[in-house]
1. What are the ³J(HN,Hα) values, in whole Hz, obtained from phi via the Karplus relation 6.51 cos²θ - 1.76 cosθ + 1.60 with θ = phi - 60°, for each residue of the range 92-108 in sequence order, with x given for Gly and Pro?
2. In degrees between 0 and 90, to the nearest 10, how far off the longest principal axis of the chain does helix 2-21 point, with axes built from Cα atoms?
3. Could you order the peptides 29-37, 3-11 from most to least packed, using the average number of other C-beta atoms within 10 Å per residue?
4. Name all residues of the range 60-80 having a backbone nitrogen under 13 Å from the label point set 7 Å from the Cα of ILE107 along its Cα→Cβ direction, giving them as ranges.
5. Using only Cα atoms, locate the centre of the range 74-98 and the centre of the range 17-73, then give the distance between them in Å, rounded to an integer.
6. On a 0 to 90° scale, report how tilted helix 41-52 is relative to the longest principal axis of the chain, with both axes built from alpha carbons and the result rounded to the nearest 10.
7. Could you list which residues have their amide H under 5 Å from that of HIS74, counting only those 5 or more apart in sequence or on another chain, with H placed in the peptide plane?
8. With +1 on each Lys and Arg Cβ and -1 on each Asp and Glu Cβ, and nothing else charged, work out how big the dipole of the chain is about its Cα centre, in Debye to the nearest 20.
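We did not get these values from a lab; they are worked out from the coordinates using the rules stated. Just so it is clear, the model here is predicted, and its values are computed rather than measured. So basically every Cβ, Gly included, is an ideal-geometry build from the backbone, and we count neighbours across all protein chains shown.
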Amino acid sequence: MHEASLAQEVLNIIERAATAEGFTQVKAVEIEVGQLSCVEPEALHFAIDALAANTLLEAAEIVIRPVIGRLRCHHCEIEFNSTTLYTVCPHCQQSGARIVAGDDMQITEIEVLEVDHV
Ligand SMILES: [Zn+2]
């Protein structure tokens, strides 16, 4: 359950932001998930929903946006889009490429329901 620990991490990050910025409820969270990150968006969504009860995410809408995976071929240096690491270069048909983008997960937006202005 890889996604369960990521969901916990998302919750931890948002709880720290809540402490720092003084909000108590989150209205919406936007998370970008790279296609090469090995994170299944549906599973992550489910895992966050499962954790959200009695937290500041209880009423939050979770929006997960996929980020296109991008690889650069080791042989011909061509960059191409891919949803998997195990692929051959569309230009030279050889395998072996490094990740340029789309291998991570990040919270891109937290919309809060109310902020306590002091
Ligand atoms: Zn190539």
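1. Per-residue couplings from phi come out as 10, 6, 9, 9, x, 8, 10, 7, 9, 7, x, 10, 9, 10, 8, 7, 9 Hz.
2. Once rounded, the angle reads 50 degrees.
3. Going from most to least packed, we get 29-37, 3-11.
4. Within reach of a label on ILE107, which here means backbone N under 13 Å from a point 7 Å along Cα→Cβ, the range 60-80 contributes 60-63.
5. Value for the Cα centre distance between the two parts: 29 Å.
6. Long axis of 41-52 versus the principal axis of the chain: about 20 degrees.
7. For HIS74, whose amide H was placed from the backbone, the distant partners under 5 Å are ALA97, ARG98.
8. 580
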